[in-house]
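Some notes on the structure that comes next.
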Amino acid sequence: MQALLLTVGNLIDRLNEWIGRLTAWLTALLVVLVCYDVFTRYLLNETRAWVMELEWHLFALVFLFGAAYALKHDKHVRVDLFYARFSEREKAWVNLLGGLLFLVPWCLLIIYWSFDYAQLSFSVREGSPDPGGLPARYIIKSAVPIGMFLLLLQAISMIIKSVFTLKNWEYSSIETED
C-alpha cells in the first residue's frame with residue numbers, strides 16, 4: 001500500500017510539474033500579447049476584440065493550470081500567521097484535514113458544475129458575442145473542469161504526503177528540483 005501511494009503521489013507531481021512548466025510559457029506569451037495590445041491601443045489608437053479576449057483566455061489558462069503547480073510547490077495563498085510556526089506533523093494535519101474537508105469537495109463541486117457549463121458551450125459551438133472576437137469560447141470554458149481536475153489530483157498528492165508524514169514513512173520524490 002505504501003509503495004502504491006508513493007507511486008500515485010509521484011505520478012501526480014510529475015504531471016503537474018510538466019503542466020506547470022508549460023503554463024509558464026503561456027505567461028510569457030501573455031506578456032508579449034499585452035505589450036502588443038498597449039502598443040496598438042496607445043500609439044496606433046486601435047484595438048481588436050480578439051486581442052483582449054485572448055489576453056483573458058491566456059490569463060484564465062495560467063490561473064487554472066497553474067493552481068495545481070502552485071499547490072505542489074506550496075506557493076498558494078494561505079494565511080501563514082500560524083502555519084509557518086507549526087511543526088511538520090502539525091502542518092501535515094492542517095494539509096490533510098484542509099485537503100479532505102475543503103479542497104477535495106470544492107474541486108469536485110466545481111468540476112461537477114463546470115463540466116455541464118463547458119459541455120453546453122461545446123454543444124452549441126459557442127463563440128464570442130463581440131464582432132471580431134475569438135470563435136471558440138467553448139475551449140476556454142472546457143479549461144475550468146480540466147484545471148480543477150489537475151488541482152484535485154494535486155490535493156490527493158498533498159493528502160498522500162500528509163499521511164506519509166503522520167505515519168513517519170519516508171516519502172521519496174522522483175523530482176530532484178522543487
Members of the range 1-48 found to be within 22 Å of residue 70 (Cβ to Cβ) and either hydroxyl-bearing (Ser, Thr, Tyr) or in a loop (DSSP other than H, G, I, E, B) (or both), listed by number:
23, 27
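Just checking, which of 156, 139 is aliphatic (A, V, I, L, M), part of a helix (DSSP H, G or I) and modelled with pLDDT of 95 or more?
156
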Does residue 170 satisfy the condition of being without any contact (Cβ under 8 Å) to a residue 40 or more places away in the chain, more than 24 Å from residue 3 (Cα to Cα) and among the acidic types (Asp, Glu)?
no
Filtering the range 109-118 down to residues that are surrounded by 14 or more Cβ atoms within 10 Å (Cβ to Cβ) and farther than 14 Å from residue 136 by Cβ yields 110, 111, 114, 115, 117
Return the residues of the range 49-62 that are without any contact (Cβ under 8 Å) to a residue 24 or more places away in the chain and either surrounded by 14 or more Cβ atoms within 10 Å (Cβ to Cβ) or not in a helix (DSSP H, G or I) (or both); say none if nothing qualifies.
51, 52
Go through the range 119-136 and give me each residue that's surrounded by 13 or more Cβ atoms within 10 Å (Cβ to Cβ), part of a loop (DSSP other than H, G, I, E, B) and among the small types (Gly, Ala, Ser).
127, 128, 133, 136
Within the range 86-99, can one find any residue that is over 19 Å from the mean Cα position of the chain (by Cα) and part of a loop (DSSP other than H, G, I, E, B)?
yes
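The values are calculated or read from the model by the stated rules, or taken from the named source; none is laboratory data. For clarity, every value in this text was computed on a predicted model and none was experimentally measured. So basically every Cβ, Gly included, is an ideal-geometry build from the backbone, and we count neighbours across all protein chains shown.
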